[in-house]
Amino acid sequence: MPAGPSLSFSSAAELARADELLRAASYVDGGHSYSARDVSFYKTAATQVANSEAEGFKKDYPSVARWMRQMRFVVEETGSEAAGFGAALPSSGALTRVSEQASGQFAASSTASSGSKPNKADRKSAAMERKSEQPKEAAKPAYVKGSTVKEVDCKVVPMENREKALPVQPPRGAGATNFPGVGKKGTRYITTAIHYTNGWPHVGHAYETIQADILARFFRLASYDTFFQTGTDEHGQKIAEAAVAQGKPTPRALCDMYVQGFQGLFGRTEISEDQFIRTSQPEHYKIVQDLWKKVSDKGDIYLGEYEGWYMVREERFVTDKEAEEWKYLDPSNGKPLQRMKEPSYFFRLSKYKDFIVKLLTENADFVKPEEYRLSLISRLKDMEESGGLRDLSISRATFEWGVPVPEKVGPDGKKHVMYVWFDALTNYFSGVNFDRKNAKYWPANMHVIGKDIVWFHCVIWPAMLQSAGIPLPQSVVVHGFINDKEGTKMSKSEGNVVNPHDICDWCAPDTFRWYLCRGTEFGKDLSFSVSDLKLKHNAELCDNLGNLVNRAVNLCKGAVPELSSDKSIGVPFNVADLRSKFCRAMENARTCEGATLVRDASAATNKWLADLEPWKLSKTDPAKAAGIVRVCLEAVFVLAHLFAPFIPRAAEAILLEKLKADKILPLDALQELDKNLKAGAPVSSTSVLFATFSPQELEIDTPVMVRPSAEETAKTPAAVPAEKEGKQQQKGNGKQQQNKGGGKQGEQQGGEKKKKEKAPKAPAQPPVQLDMDQPLYSRLDLRVGKIVHVENHPDAERLYVEKIDVGEAEPRTIISGLREHYTLEEMLGRQIVTICNLEAAKMRGITSHGMVLCAKTSEGKVQFAGLPDGCKPGDHILVEGETLRKPWTGKEVKKHNVWMDAAKLMQTDDAGIPCFDKKPLTVNGARLHSDFKNAILS
């Protein structure tokens, strides 16, 4: 037995403590990280046990033994080990993966504590052992170290000048155009809100347009005759003022400049619009004026006088009550509201109150998600108390940049231009009436908009159309805001606005699109995180889909194999069932759900392939092995079509370049996994879909940000700094740009070179004084939780990803290692004990925000801690007889080893009652319970 580290201790006492600490750590189920001291201690303990000739330690110290098995995985993955340690550990074949965070911290502490470089001979031996367990037929993808494959399909789209549209439009990928001869299933018309041309595009513009593009591509692939429109809103006082402020000769010149910027971004992110409309087009003017005449002929427009508070940012008057509540300042930017009195044409919006209420209450599909429809109904009811729905001012006579009203001079002797919203909303109708052949697409099927303009689209717009006798759109689908990674609203003064070009400089368009779709449920706010984007890319696009495609195209050896008659092969998923669920989600604008369905199907196919191991069967049963590979290729073919709306370039590469398909098929033409491909057809394996982000690149969590001006910074002394951004760019971004396909680094919006600025430091906060005498248990926050959603972890076979309601505004994401103990059906809807103030930890690429408490026997059996009847999510779990104290924060809990110390005192008693320090745990005075007696709680 090789010698271990020189540190030694008495076997009885110290090994028992190591075992106790390891039990408390719950390193698999809880995802907790180790301190350097703990890792060094555990490693030394395990090494001494490994060097011991006694065989009874596995029984006496089961946690140490289990830890030893898991540490071999860490040793092999990190290449960091103390001298002789790796050789003393068992084979890697039976190991369980530990969390990425624990792996990384062990690597760092092991190198530091050993004082030696990694043992290359042992690493090589471990690598050879792993290699022997992998399929020899499958070449490593480009993102695996040591690969000889260099070409990557999905690359960065470089952009020299962000102020201009791309001179050559990049390929837009699968689903960018309608199939020939479509129309039997009907039409689909998808729109975005048109983008205001008073500034360069930001990540919110990209988010909305990409979501709408995903829907448009889906409907094209689903064989609908689809028309997708986006564009720019170019009129209003705000545009006129911005043109003067920016030194432009006319408002039109300002709009021309920013239109180029929007078209450049949309070209870079694979937007497949059928029309880019501008409200300054003469054709639009004519149709808006025709609509005005129809409404006027109905008697719904009259000339009056408006006096009130005007908000320039939103181009609207606000009520006196709103102005007073806001202290006569725009709540968004702090600029003063303007008191105005002027003649104005009015639209009789009040006349359509009952119509709007009926529309919203009786048509549940008109506004999606439902929360926004219910909010509108509530707002309309509240307005009844203050006089009801008021008529709407729809013209201005104090500036000229807008669509002139049909009456060249009003009865007041003044020239009026239309209120910007009357003009802008009409773009949806005018856009399909420039060319009469496109009139068939009205009414629109989906207006995709942000939650801040719901009122205009769901109250004012349908009232205008009803007055003009024009059919209403079928639905308005509403998305949330893009916030920063902390959930804070983005603003230039905070220095947290993300320029989408800064992301696209190092990120392939498909990756950007995938993250914006998978980052949050449609309708909810998205906390934009560069780290999460990269992790989703690695886990879902590389390790999941990319790995599956790479396996399939390499195992087939250049051609599609014959089918096998062996029925034991089975299939990883049913095509008809998957397609039905996918189409139902997408038709209801649940894009995140649709993406999750295909991601899960890809993961299921990976698992199915790994279970059948055709690389091993190729020698003993080559026909069966070939049949397995055939089914795998069929699955890849089907999945590529379903992934296409989200990652169109990758889907096109799979189908046309790797599988050499003649064409991309409509979704309803996809068959089960034995009829889509022809035996003998060529297959290419000369490239991979994506390149992964390296560990060094994953550490860079800050995009190049849009910095506040000196004037804005001076006004905002507490501006949020971008900590260490300069160092991160110098150390990581250059390499990252090169690895991911390039694009120019360090450009601001508008193409100007970035100047180095030292961000202002936030004022230091006084340290929080902890009460070190506070009872140990009361420092923790244990609550009743309810599992409202659960799914398999996409990249870990033993983990679940749960959404748990713990009485907060939103459910928490918590990861647990319970797949060996409970089915998905047994998990869903169950009430459990949740520890809510552990510091968040990433486990295989997904962040866990807590831990589920379970009882565990010495034989490895696991059971949820049982809760009494009548408790609800958020109820606190207390030690019997004690009162609730303010729990510590996650950082404080970690720093002071609160959970580590508390866990040593948590177990069930002789009656199976969960206890802390032999005192029962209770909810609302009633005790918890368990079937396991004298079991550990962790």
ask   = If the chain between Gln774 and Lys184 were fully stretched, how many nm would it gain, using 0.36 nm times the residue separation less the Cα-Cα distance?
value = 205.3 nm
Global form of the stretch 777-937, assessed from the alpha-carbon gyration tensor, a/c cut-off 1.5 = rounded
query = Given Cα pairs under 8 Å that are at least 6 residues apart, what percent is the relative contact order of the stretch 177-323?
reply = 25
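Got a sec? How would Thr488, Thr187, Thr620 order by Cβ neighbour count within 10 Å, fewest to most? The partial results should precede the final answer.
Numbers: Thr488 12, Thr187 19, Thr620 8.
Ordered by Cβ neighbours within 10 Å, fewest first: Thr620, Thr488, Thr187.
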request  = May I ask you to list the trypsin sites (Lys or Arg not before Pro) in the stretch 387-485 that are in a DSSP loop and have at most 11 other Cβ atoms within 10 Å of their Cβ?
outcome  = Lys408
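With a Förster radius of 41 Å, plug the Cβ-Cβ distance of Asp662 and Lys286 into 1/(1 + (r/R0)^6) and report the FRET value to the nearest 0.05.
Values: r = 45 Å, r/R0 = 1.09.
That pair, Asp662 with Lys286, gives E of 0.40.
Once you've got the Cα coordinates, tell me which of Lys581/Lys658; Lys534/Lys663; Lys895/Lys918; Lys658/Lys678 are over 21 Å apart. Please report the intermediate quantities before stating the final value.
Numbers: Lys581/Lys658 27 Å; Lys534/Lys663 31 Å; Lys895/Lys918 25 Å; Lys658/Lys678 14 Å.
Violating the 21 Å Cα-Cα cut-off are Lys581/Lys658; Lys534/Lys663; Lys895/Lys918.
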The stretch 858-938: GluC sites (Glu not before Pro) in DSSP loop, at most 16 other beta carbons within 10 Å = Glu859, Glu880, Glu882
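So which GluC sites (Glu not before Pro) in the stretch 787-835 end up in coil per DSSP with only 16 or fewer other C-beta atoms within 10 Å? Spell out each step's value before the answer.
Values: sites: Glu791, Glu797, Glu802, Glu808, Glu820, Glu825, Glu826; in loops: Glu797, Glu808, Glu820.
Those that pass, being in a loop and sparsely packed, are Glu797, Glu808, Glu820.
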task = Starting from the Cα of Ala669, step 7 Å along the direction of its Cβ; do the same at Gln275; then give the gap between the two resulting points in nm.
result = 2.8
note = Distance in nm between Ala623 and Thr889 label points, each 7 Å along Cα→Cβ, equals 6.7
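With r defined as the distance between the Cβ atoms of Thr857 and Glu362 and R0 fixed at 45 Å, what FRET efficiency is calculated, to the nearest 0.05?
0.20
Each reported figure results from applying straightforward, stated rules to the coordinates on display, with no laboratory input. Only a predicted model underlies this, so the values are computations on that prediction, with no experimental measurement involved. Heads up, the Cβs are rebuilt from the backbone with ideal geometry, glycines too, and the neighbour counts pull from every protein chain shown.
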